[in-house]
Each structure stands twice: as C-alpha cells, then as structure tokens.
1. Just name the residue that is modelled with the highest pLDDT out of those in segment 35-50 that are more than 29 Å from the chain's Cα centre (by Cα) and either small (Gly, Ala, Ser) or not assigned by TED's automatic domain parsing to the domain that holds ARG7 (or both).
2. Hey, does segment 197-210 have a residue that's within 23 Å of the chain's Cα centre (by Cα), surrounded by 15 or more Cβ atoms within 10 Å (Cβ to Cβ) and closer than 18 Å to PHE283 by Cα?
3. Looking at segment 31-62 only, could you name the residues that are touching a residue at least 60 places away in the same chain (Cβ under 8 Å) and in a helix (DSSP H, G or I)?
4. Which of the numbered conditions does PRO308 fail, given that it passes all the others? Conditions: (1) at pLDDT below 95; (2) outside any strand (DSSP E or B).
5. Restricting to segment 290-303, name every residue that is assigned to a strand (DSSP E or B) and more than 13 Å from the chain's Cα centre (by Cα).
6. When segment 64-85 is examined, which residues are found to be within 16 Å of ALA134 (Cβ to Cβ) and surrounded by 10 or more Cβ atoms within 10 Å (Cβ to Cβ)?
7. Could you please let me know if GLY206 is in contact with a Pro (Cβ under 6 Å, 6 or more places away or on another chain) and over 25 Å from LEU119 (Cα atoms)?
8. With segment 73-171 as the region, which helices (runs of 4 or more DSSP H) entirely inside it contain at least 1 residues that are modelled with pLDDT of 95 or more and at negative phi?
Amino acid sequence: MTDFAERAERHRGELRVHCYRMLGSFDEAEDLVQEVFLRAWRGRDGFEGRSSLRAWLYRIATNACLDVLDGRSRRTLPDQADSPAGPWLQPFPDHLWEPVAPSADDPEAAVVAKETLELAFLAAIQHLPPRQRAATILCDVLGWPVRQTAEALDGSVASVNSALQRARATLRTHLPPGRSDWAPSAPPTDEERRILRRYMSAVERGDLTEVAALLARDVRATMPPYPEWFADRDGVLAALSASWDAGSPDYIGTLRMLPASANGQLAAATYRCPPGGHAYEPFGIGVLRIRDGRITEIVAFHEPALFPSFNLPPTLDR
C-alpha cells in the first residue's frame, strides 16, 4: 500500500497540470488532484497493470475533470467572454510545472517536457467541448495514441479521430497574431527579460511615457475578474493614467513589483499600498506576451489569494 501511494505521488505535479489545462482554474486543479488520488486509492485493487500507473492516473484525472465540466460554462479571459461575469481563467505558477524525468519503468514521462501552458492556448482550448478538449490534450499535447485515448474516454477510435479533427479546426481560429501553429513556447530571451524589468520600473515610478514606449500599438490588456478590457495602447494608457493620478477617484495608491513566471511566460507581481497605508499588499499577477521588442498582451489577474502559490511574500515594506 505504501509503495502504491509513493508511486502515485510522483505524478502529482503533472496531474495538477493536466487538471489545470482541462479546467482553466489553478484552485480547482489543486482540489481535483486530491479527488484523483482518492479515486485511485479506492480503486487500486482494480489496477491490473494492463497500462502504466501514469496512464491509469491520467484516465482517472481526465474523467474526474469531465465530471466537473458537465454542464458548466467555460473559463476564458474578458476579451473572449460569453458573459461579463466570467468565469475566468487563472494563472499557473511555473515553479509547480516541473517536467518529470523519465525512468526505466516509466519512459512515458519524457513527453511531459513538451507540454505548453501558454495562456493563449489555455484560452483557446476552453472553446472546445469537454470531450474534444480531453482528446486534444491527451493526443496532441501528451502524445497519446488515438487508441489509448479512446480507451481512456470510453469511446471509439473513430469518435476520437472525429473529435480531434473538429478541435484542431477550432483551435486554428484562435491562434495569436503572428503564429501559424500551436507549439510549446520558447523560453524568455534576455531581451524580453530586460523589457520586463523596464516595464516594472516604469510602473513603480508611474512613468506613462516609458510604459508607452514598451507597449505595442495594438496591445491587449485584461484584468480578470473585471470585465473591462483594452484593445490598444491609448486605451491602456488612459486607464493607467486615471489609476495613477492621486487626484482621481480611480487612484489605487503606489505600486511595487516583483518578477514572476506563470504559464511559461514572463510575469510581474504587483503590490499596492493604498492611500494612508503602511505596507504594500498583494494586488495582481500580470502575465506578459512580448513580440518584436514590444509588449503585445498583458493579462493582469487580480488574484491576491494566489500569491502564496507563486512563493511571493505576503507583503512588502514601504
């Protein structure tokens, strides 16, 4: 029994990633992984070794996610929302996204290193019906054979092939600008990290001119859970100007920022000291997309409760 639990526990991280990709919610993925291990423990006597333990756990996790998704609205970002009330995607801390090293008894683990958690892909895949989503993740992200995927979904090879064909067509319509295919994103470059540092410094100083120099003209900016979003540089700068103006009713106080990393992308954690405050408190986690030397997208998640999951300090001193 102890051996089974230890072997299963090795897959916790990748199962969390799998549930997150299916659900679009970090909080729900954390909770559901516990449910997956509970189901696995209860059904351990039925595991006969006809597949690897990893594949069996993925099957349990996939079907647990499908149970959760049954009849539920999809998660997305405000600029793609069906409703101004959400529900919204959440970011995923990169330090919890550790590729599992393959071993002699589990060579399948090597494929995890090819996964992508890019926000654009997460938002796009939420447009798929749950079973299409599951088939796409198992086949196109994890590299499972169609027959194995059909067994996991209790379906036929023909039904999975049909689901994949429809899903791939849908996903192609949601490619980010300048992209011709979905693929794991490259690690951030030194130049992109310099742009992030310049952006954080400009925000802390309230320097609109410097921020303007860093933003693409057609930059898109959202701040879940707020439904408002901006589709160009002028709109973003107008919103920042109001929130940084001490004489404006929208003034949010002074800001401090720390570098972070989410969904394989550069990010910045923002702390806010409100007027009259004595410390900087968690405010939001902004995930950036940078292309051709400019910031083309900012998704600023107003999720203070997620700061501990990113190993970020609870407050910053003034």
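1. Filtering segment 35-50 for residues more than 29 Å from the chain's Cα centre (by Cα) gives 42-50.
Pick out the ones that are also either small (Gly, Ala, Ser) or not assigned by TED's automatic domain parsing to the domain that holds ARG7 (or both) and you get 43, 46, 49.
On the way: GLY43: 86, GLY46: 77, GLY49: 68.
For segment 35-50, the residue satisfying everything is GLY43.
2. Here is the first cut: in segment 197-210, the residues within 23 Å of the chain's Cα centre (by Cα) are 197, 199-200.
Subset that is surrounded by 15 or more Cβ atoms within 10 Å (Cβ to Cβ): 199-200.
In the following step, the residues that additionally are closer than 18 Å to PHE283 by Cα were identified as 199-200.
Yes, that holds for at least one residue.
3. Kept after step one, since they are touching a residue at least 60 places away in the same chain (Cβ under 8 Å), are these residues of segment 31-62: 51, 55, 58-59, 62.
Residues satisfying the conditions are ALA55, TYR58, ARG59, THR62.
4. Among (1) at pLDDT below 95; (2) outside any strand (DSSP E or B), PRO308 violates only (1).
5. Here is the first cut: in segment 290-303, the ones assigned to a strand (DSSP E or B) are 290-291, 294-301.
Correct list: ILE290, ARG291, ARG294, ILE295, THR296, GLU297, ILE298.
6. Initially, segment 64-85 is screened for residues within 16 Å of ALA134 (Cβ to Cβ), giving 64-72, 74-75.
Of everything in segment 64-85, those that are within 16 Å of ALA134 (Cβ to Cβ) and surrounded by 10 or more Cβ atoms within 10 Å (Cβ to Cβ) turn out to be ALA64, CYS65, LEU66, ASP67, VAL68, LEU69, ARG72, ARG74, ARG75.
7. Details: in contact with a Pro (Cβ under 6 Å, 6 or more places away or on another chain): no; over 25 Å from LEU119 (Cα atoms): yes.
Answer is no for this residue.
8. Details: elements: 119-125, 130-136, 146-152.
By residue number, 130-136, 146-152.
The values are calculated or read from the model by the stated rules, or taken from the named source; none is laboratory data. Note that the structure is predicted; figures quoted are calculated from it, not measured. Don't worry about glycine lacking a Cβ; one is built from the backbone with ideal geometry, like all the others, and counts go over all protein chains shown.
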